[in-house]
1. What full-extension length gain, to one decimal in nm, is calculated for N356 and R268 as 0.36 nm per residue of separation minus the Cα-Cα distance?
2. Please list 3J(HN,Hα) in residue order for region 217-224, calculated via the Karplus relation 6.51 cos²θ - 1.76 cosθ + 1.60 where θ = phi - 60°; whole Hz, with x for glycine and proline.
3. Label region 410-477 by shape, choosing from rounded, prolate and oblate, from the square roots a ≥ b ≥ c of the eigenvalues of the Cα gyration tensor; if a/c is under 1.5 it is rounded, and otherwise prolate applies when a/b is larger than b/c, oblate when it is not.
4. Treat each spin label as a single point 7 Å out from the Cα along the C-beta direction, and report the Q284 to V317 distance in nm.
5. Quote the FRET efficiency, to the nearest 0.05, computed for I470 versus E430 with a Förster distance R0 of 30 Å and r equal to the Cβ-Cβ distance.
6. How far apart, in nm, are two points set 7 Å out from the Cα along the Cα-to-Cβ line at A223 and at Q6?
7. Given labels modelled 7 Å from the Cα in the Cβ direction, how far is it in nm from R261 to E181?
8. Going highest first, how would you order 38-46, 159-167 by mean Cβ packing within 10 Å?
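Every read-out reported here was derived from the displayed coordinates using simple, explicitly stated rules and does not represent laboratory data. Source: prediction; values computed, not measured. Methodologically, a virtual Cβ is constructed for each residue, glycine included, from the backbone with ideal geometry; neighbour enumeration extends over all protein chains shown.
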Amino acid sequence: MEIKKQFTFSGIFKKFHEEDTQPIEINDAHIYCYVNGNILMEINSQVNQHINHKRFVDSEPIYQLKGVTIEQPDILQFWELDGLEREMVQQAYEGDYEIEGKTVEGWKIKAIIADANFQATLGVDNSENIEQEGKSLVRLRDLDIDYNLDSLEDGGTQEIVYGLANIEVIHNLSAQIGNLEAEMCIESVSTRESTNKSGILSAEMTLRNIRENEQDSYETYCAWLISLLSLASGHCVDKIYSIKAVSYEHFQIKSEYWSGRKLRSEARGIAVIQSPHLYLFMQQCAKNLTWETFSDKGVGLALSWYIDTFVSPMAEVNFLLLCTVLESLNKKHSSNASKSLLPTNIYRQIRDKILNVVSEFPQGINNQDDLKKYNIFALKVKKSFASGSYNQIGNLRTSLEEMFKTYSVPYEDLFPELEFITIRDKIVHEGFGGVDVALELRKLSNLVVRVFLAILGYQGHYMESIKIEIDDPLGRSKHGLICRSFPFIASEDNTELNSIDTCC
C-alpha cells in the first residue's frame, strides 16, 4: 500500500485514561500513514515485548495482605493470598494506551494505540522483511501532529485541508458556501493506488474563511459537504486526514490529524450526479449549506439515513431507511406550520371530558372478557390523546403530499397513491411487504433523490433508476439508468425513457 506520510518518532508509551507512573520509552520508531487511512508504528521487538508485558500487568488486579507494605506488588500474590484477609493495591486498567513525543523534526506527536493484537502482515507490503529484521508493527488511531515548534497561542483558523476517499474528481472545482465569504475547493489527488479502487485517498477538499461559532464550524461544514458528495456519487465518501493552517501574526502554524479508522468503502448507491456535472451540482448546493437547511433535524440528518442504504445489503432494510428519510424531511418541513384543528384550550377541555367518560364507563361492565377488551380500548384512546393525533389536520400521507407540493416534487409516476407507506407498514408489522421490494426500493430511491434535489435548489442533469421492459425467459427483472433534467414534470407517456444508460 502506498505511503502518504512517514516520519521518525521518539517518546513514551503510557496509559491514556489515567496517570501512568511507569511509561515505556520508545526511541527511533517509524510511523507510516497510508493512502487507505491506516497508521502503523514500526518498533523493535524488544520495545514490543516491554509494551506487551506492561499491558499484561496493567490488566490484572494486584492484592496484598492488610497492613503489610509491599514496594513492588506481584500479581501472583493474588493466588498466594487466597483465603486470607487482603486488600487491593491496584485495580485492573481497562482504558486505552497512547504514545506521546516528538519527531526528529521537532513535531509534537500524540496517538492512541488502536489494537494491541494487530498483525504485522496486514496492510504492509514488506512485512516479511520487517519480521526478519526483528521489527514489530502497532496500529494507531487519532494521530495528532503539531508542527508548531514554538509555544504560540493559536490564532483564527485560516483553512483546513481534508483528504477524502471514494470520490472521483475529473475537474477541480470551487464554490462559495452559503451566504458567507467562505469557500470550498476540491482537487483530485493522483496516486497509483486510487485508480478504480475504493477506500483510497482520491481528492483533497479545502475549506477557507469559515466564521466559527456555536453552530458553525469547519467540521460541521465538512460533514455536510461530504454528505453532498456522497449523495452525488453514490459512494460513502469518507475523511482520511485533515491539515489545519492557523493565522497568527505572520506565522502559519499547522497541525495535522489522521483518524486511522476503517473507511466505509462500499459503493452500492446510484451515481445521481455524474462526474462531468459535479462542479455545477456542488456550486448550486453549496449556496444552501446553511444551519436552517442542514441542521441536525434537517437535510443533514436525512442524508445520513440515505447514505446508510449504500452499506446495507437487504432491500427491506434499505426501504425502511428511505421511508425514514422522507419522514424526517417531512417532520422538518411541518415543524413551522400549525397542523392543529382546534385551539389548544378547546382541545384540552374536550380531551378531559372524554377521558373522564372512558375512566368511569367500566363500572357498568360485568363480563370479564368485555372488561379486558375495554381496558385495551381505553389504553389506545389515552395514547391517541397523549400523542395529539386527534387534533391533527391530516395523516402522514396528507402531510407528505403537502411537502411534495411545496417543493414541486413529482411523485405520481412513481407512487400515485403513495403506496410505499402501506408497504412500509407491512414490513414493520408483518415482516413482509407483499410486493417485489427490490423494484419498489428503486422507485422510492428515485423519489427521495427528487426531494433532496428540490430542497437543495439544484437545476441540471441527474440520473434515475428505471425498469427495462423486456421478456426474460427466467422471469428476471432488468434495470438501467436514465438521464433527466431537474426540475421536471413527469409526463404520462414514456417517450423520454428510451435513452437508457445515456451519459448526460
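1. Working: separation 88, 0.36 × 88 = 31.68 nm, distance 5.45 nm.
Gain in length upon complete extension: 26.2 nm.
2. 7, 4, 5, 5, 5, 4, 4, 5
3. Numbers: a/c = 2.65, a/b = 1.25, b/c = 2.11.
Judged from the Cα gyration tensor, region 410-477 comes out oblate (a/c at least 1.5, b/c at or above a/b).
4. Label-label distance for Q284 and V317, simple model: 3.3 nm.
5. Numbers: r = 32 Å, r/R0 = 1.06.
According to the calculation, E is roughly 0.40.
6. Rounded to a tenth, the inter-label distance reads 3.5 nm.
7. In this crude label model, R261 to E181 measures out at 3.3 nm.
8. Values: 38-46: 19.9, 159-167: 21.9.
Ranked from most to least packed, the peptides come out as 159-167, 38-46.
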